[in-house]
Amino acid sequence: EADIYQTPRYLVIGTGKKITLECSQTMGHDKMYWYQQDPGMELHLIHYSYGVNSTEKGDLSSESTVSRIRTEHFPLTLESARPSHTSQYLCASSRVGSYNEQFFGPGTRLTVL
Amino acid sequence: ELKVEQNPLFLSMQEGKNYTIYCNYSTTSDRLYWYRQDPGKSLESLFVLLSNGAVKQEGRLMASLDTKARLSTLHITAAVHDLSATYFCAVSNNAGNMLTFGGGTRLMVKP
């Protein structure tokens, strides 16, 4: 079973607040990813990282930012949350040379009022 | 741009029946993944298919890949209620650094 953790699991906040969604993995994976998923819908890649100090934007335009200061940690920050950010955010990781098989965390369900 | 399409999007079937879910993709790739997602939960990796003609089976599920047709199938044999979930296929780009997901197939298996 994959050891990838996300906190908080659920978050309800008001518009304009700054939030950080945490993601940590204990598998030593180099690659980490953030996806956005509306309920029952497809996943959209918003950010990914190949390793420490490496971050890239994904296919879906996002107002969020990420950082990768430690291998195991890949937080996502929204500077000013809006109702359009309401969604589920899934973090994933994969090991270099593992055919990019990605393991997913439990997700954070975000509601912005 | 890589596009991935699944069909059907919704599938309601009786226990004991067989059915196939299809995953088509638009550009060349030789890496395809199937995931399962239960309501309100995260994604669980089911199969990784890495070459043309690859076939993998786990229990009542069997996945195959035809890279020439750009098609993968997930076949369900003698469905049981526990298989009710949403199934996603995902295709890797040629650089191997990103996955593009299909829209998912929501499967309901009725007693």
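If you take just the strands (runs of 3 or more DSSP E) that sit entirely in chain B, which of them hold at least 1 residues that are open to solvent by 50 Å² or more (accessible area, probe 1.4 Å) and within 11 Å of chain A (Cβ to nearest Cβ)?
B:4-7, B:10-14, B:43-49, B:105-110
On the basis of being in a strand (DSSP E or B) and open to solvent by less than 20 Å² (accessible area, probe 1.4 Å), does A:Ala81 make the cut?
No, not satisfied.
For segment A:7-47, which strands (runs of 3 or more DSSP E) that fit wholly inside it have 3 or more residues that are open to solvent by 10 Å² or more (accessible area, probe 1.4 Å)?
Once the strands (runs of 3 or more DSSP E) in segment A:7-47 are filtered for at least 3 residues that are open to solvent by 10 Å² or more (accessible area, probe 1.4 Å), what remains is A:10-13, A:19-25.
Anything in segment B:1-52 that is β-branched (Val, Ile, Thr) and free of Cβ contacts under 8 Å to residues at least 24 places away in the same chain? List them, or say none.
The answer is B:Val48, and nothing else.
Sort out which residues of segment A:99-113 are open to solvent by 20 Å² or more (accessible area, probe 1.4 Å), modelled with pLDDT under 90 and either in contact with a Phe, Trp or Tyr (Cβ under 6 Å, 6 or more places away or on another chain) or polar (S, T, N, Q) (or both), and write them in order of number.
none
Looking at (1) open to solvent by 10 Å² or more (accessible area, probe 1.4 Å); (2) part of a strand (DSSP E or B); (3) in contact (Cβ under 8 Å) with a residue 24 or more places away in the chain, find the lone condition where A:Glu56 falls short.
Among (1) open to solvent by 10 Å² or more (accessible area, probe 1.4 Å); (2) part of a strand (DSSP E or B); (3) in contact (Cβ under 8 Å) with a residue 24 or more places away in the chain, the lone unmet condition for A:Glu56 is (3).
Can you pull out the residues in segment A:25-57 that are farther than 28 Å from B:Gly102 by Cβ and of a type in the set (S, T, N, Q)?
A:Thr26, A:Asn53
If you go through segment A:76-108, how many residues are more than 13 Å from A:Gln25 (Cβ to Cβ), more than 8 Å from every other protein chain (Cβ to nearest Cβ) and of a type outside the set (Gly, Ala, Ser)?
12
Pairs under 8 Å by beta carbon, first residue without any contact (Cβ under 8 Å) to a residue 40 or more places away in the chain in segment A:91-113, partner hydrophobic (A, V, I, L, M, F, W, C) and part of a strand (DSSP E or B), six or more apart or different chains?
Listed pairs, sorted by first residue: A:Tyr99/B:Val48; A:Glu101/B:Val48.
The values are calculated or read from the model by the stated rules, or taken from the named source; none is laboratory data. Since this is a predicted model, take the numbers as computed values, not measurements. Note that we place each Cβ from the backbone using ideal geometry, even for glycine, and neighbour counts take in every protein chain shown. Remember, those area values only see protein heavy atoms, side chains included, never the ligands or the DNA or RNA. Shrake-Rupley method; radii C 1.70, N 1.55, O 1.52, S 1.80 Å.
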